[in-house]
Amino acid sequence: MINFATVGTGWITESFIKAASLSQQLHLAGVYSRTEEKAKQLANQYNVLHYYSDLNEMAKCEEIQAVYIASPNSVHFEQTIAFLKNKKHVICEKPIFSNTAELREAYRTAEENGVYLFEAIRNIHTPNFHILKNKLQMAGKLRSAMLPYIQYSSRYDLFLQGEEPNIFSAKYSGGALVDLGVYPLYLAVGLFGEPNKVSYHPVVLRSGVDGSGTLLLDYEDFVCTILCSKISHSVLPCEIHGEGGTFVLEDAAPISEIKFIDSHTKESKILSTTQEEQNMVYECMNMAKIIETKNNDEYKQLKKWSEIVLRITEEARKQNNIIFDSEK
């Protein structure tokens with residue numbers, strides 16, 4: 001059992017705590033918030049002894065072996081480095097960092113201190129992702145893919161009223177691509193590898209970040225189109241088209257259903273399996289297993305995917321002069 005602590009008090013942190021408990025491999029040993037009151041409230045909610053409003057104090061706690069970070073995107077790097085230097089494994093919520101320079105420095109620090117650094121991205125750890133990856137050859141030669149993740153954010157209402165929530169702010173390294181687009185992007189990278197060329201066509205908001213956009217990934221024989229938005233809503237499924245058939249996914253995350261339709265017979269078949277409703281449990285289990293067994297081969301694969309995904313989002317932003325405050 002790995003003792004872990006959390007940074008952040010939002011709904012995603014509580015979801016991770018529940019998933020960690022369900023995994024039976026991670027034990028909540030501490031919580032952090034910028035205010036002592038919120039930290040104490042969360043600690044009482046989950047019957048946790050240690051709570052902190054001083055991040056460096058928590059980083060030095062010897063009872064804590066790993067930390068889950070779900071703070072605003074722009075502070076991921078600074079907080080991650082603090083924990084890595086104190087020899088804590090870090091699971092950092094997506095997007096892991098603002099740019100690849102931060103990523104390289106963080107992985108170097110993790111290696112120097114003999115600990116692991118993970119990006120928390122739930123869909124690539126699910127059983128249905130592995131089913132899809134193993135069955136991908138059923139489609140034959142791939143010819144196109146359409147992977148949407150379009151989900152209206154209630155915080156956009158605040159933005160329209162003149163406020164600037166974190167996710168729509170360059171100050172906090174926000175935007176649709178790094179917040180939602182990473183799910184289908186991880187799916188594409190995990191299934192198809194690194195594309196030859198990237199092209200991004202965003203709707204840029206007054207805050208300087210993208211509210212929505214279309215990302216084109218050029219592969220040798222096909223193009224994968226990723227649609228992402230936090231300012232509109234869609235019920236479109238994901239599709240992967242091959243000469244032999246088409247995969248239809250109910251969603252990019254957590255990939256709850258996979259249907260295969262044969263191009264010639266038009267017959268359809270359900271390939272997916274039933275997954276835990278609390279689907280973050282799979283990333284908890286997999287990351288804990290890597291830490292405990294020192295499975296460096298799988299760790300290197302996850303690290304490679306994180307590097308490719310962040311490199312793509314960074315390139316896509318630069319094409320459109322979407323610059324985060326931390327990069328100025």
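Which percent of the accessible heavy-atom area of the chain goes to carbon and sulfur, probe 1.4 angstrom? Carbon-and-sulfur percentage of accessible area, whole number: 46.
Rounded to the nearest 20, the Cβ-based charge dipole of the chain about its Cα centre (Lys and Arg +1, Asp and Glu -1) stands at 240 debye. In terms of its C-alpha gyration tensor, the range 8-84 has a rounded overall shape, because the principal axis ratio a/c (a ≥ b ≥ c, square roots of the eigenvalues) stays below 1.5.
Highest GNM mean-square fluctuation among 137, 161, 275, for the chain modelled with Cα contacts below 10 Å: 161. Directionally averaged projected area (the range 126-267, Cα convex hull): 8.8 nm². In terms of distances greater than 20 angstrom between alpha carbons, the cross-link table entries 60/94; 40/85; 18/135; 135/269; 133/269; 88/294 yield 60/94; 40/85; 18/135. Farthest towards the positive end of the charge dipole of the chain, among the residues 321, 308, 15, is the Cα of 308, using unit charges on the Cβ of Lys, Arg, Asp and Glu.
For the chain, report the accessible area per residue in Å² (1.4 Å probe, heavy atoms, rounded to an integer).
Per residue, the chain has 45 Å² of solvent-accessible surface.
Between rounded, prolate and oblate, where does the range 214-328 land on the alpha carbon gyration tensor, with a ≥ b ≥ c its root eigenvalues, rounded for a/c under 1.5, else prolate if a/b exceeds b/c? Here the range 214-328 falls in the oblate category.
Please state the relative contact order of the range 180-260 as a whole percent: Cα pairs under 8 Å, 6+ residues apart? Relative contact order, the range 180-260: 22 percent. When nucleic acids and ligands are ignored and a 1.4 Å probe is applied, residue 81 ends up with an accessible area of around 20 Å². Annotation: amide H-H contacts under 5 Å for residue 2 (H modelled 1.01 Å from N, sequence separation of 5 or more, or interchain): 26, 27. Note on the chain: antiparallel DSSP beta bridges, both residues inside, total approximately 55 percent of the bridges counted. Placing unit charges on each Cβ (+1 for Lys and Arg, -1 for Asp and Glu) gives the range 177-328 a dipole about its Cα centre, and among 278, 191, 207 the Cα reaching farthest toward its positive end belongs to 207. I need the shape label for the range 1-154. Rule: rounded when a/c is under 1.5, else prolate if a/b > b/c, else oblate, with a, b, c from the alpha carbon gyration tensor. Since a/c reaches 1.5 and a/b is larger than b/c, the shape of the range 1-154 is classed as prolate. Note on residue 320 and residue 78: their simple-model spin labels are 2.7 nm apart, each label 7 Å out from Cα toward Cβ.
Report relative contact order for the chain in percent, whole number only (criteria: Cα-Cα under 8 Å, sequence separation at least 6).
Normalised by residue count, the contact order of the chain is 19 percent.
Taking other residues whose beta carbon is less than 15 angstrom from the beta carbon of residue 156, and scoring Lys, Arg as +1 and Asp, Glu as -1, yields -2. Dipole size of the range 192-328 about its Cα centre, with +1 on Lys/Arg Cβ and -1 on Asp/Glu Cβ: approximately 440 debye, rounded to the nearest 20.
For the chain, the fraction of C-alpha pairs farther apart than 34 angstrom is 23 percent. Once backbone amide H atoms are built at 1.01 Å from N, residue 116 has 89, 90 as its partners under 5 Å, excluding neighbours fewer than 5 places away on the same chain. For the chain, a Gaussian network of Cα nodes joined below 10 Å ranks 262, 221, 179 by mean-square fluctuation, and the top entry is 221. Would you mind telling me which residue in 233, 89, 50 has the biggest mean-square fluctuation in a Gaussian network model of the chain, where springs connect alpha carbons within a distance under 10 angstrom? Its mean-square fluctuation being the largest, the pick is 233.
Estimated purely from DSSP H runs of n ≥ 4, each contributing -39500 (n - 2.57), the mean residue ellipticity at 222 nm for the chain is -10500 deg cm²/dmol once divided by its residues.
The values are calculated or read from the model by the stated rules, or taken from the named source; none is laboratory data. Given the structure is predicted, the values throughout are model-derived calculations rather than measurements. Heads up, the Cβs are rebuilt from the backbone with ideal geometry, glycines too, and the neighbour counts pull from every protein chain shown. Calculation scope for accessible area: heavy atoms of the full protein, side chains included, ligands and nucleic acids excluded. Shrake-Rupley method; radii C 1.70, N 1.55, O 1.52, S 1.80 Å.
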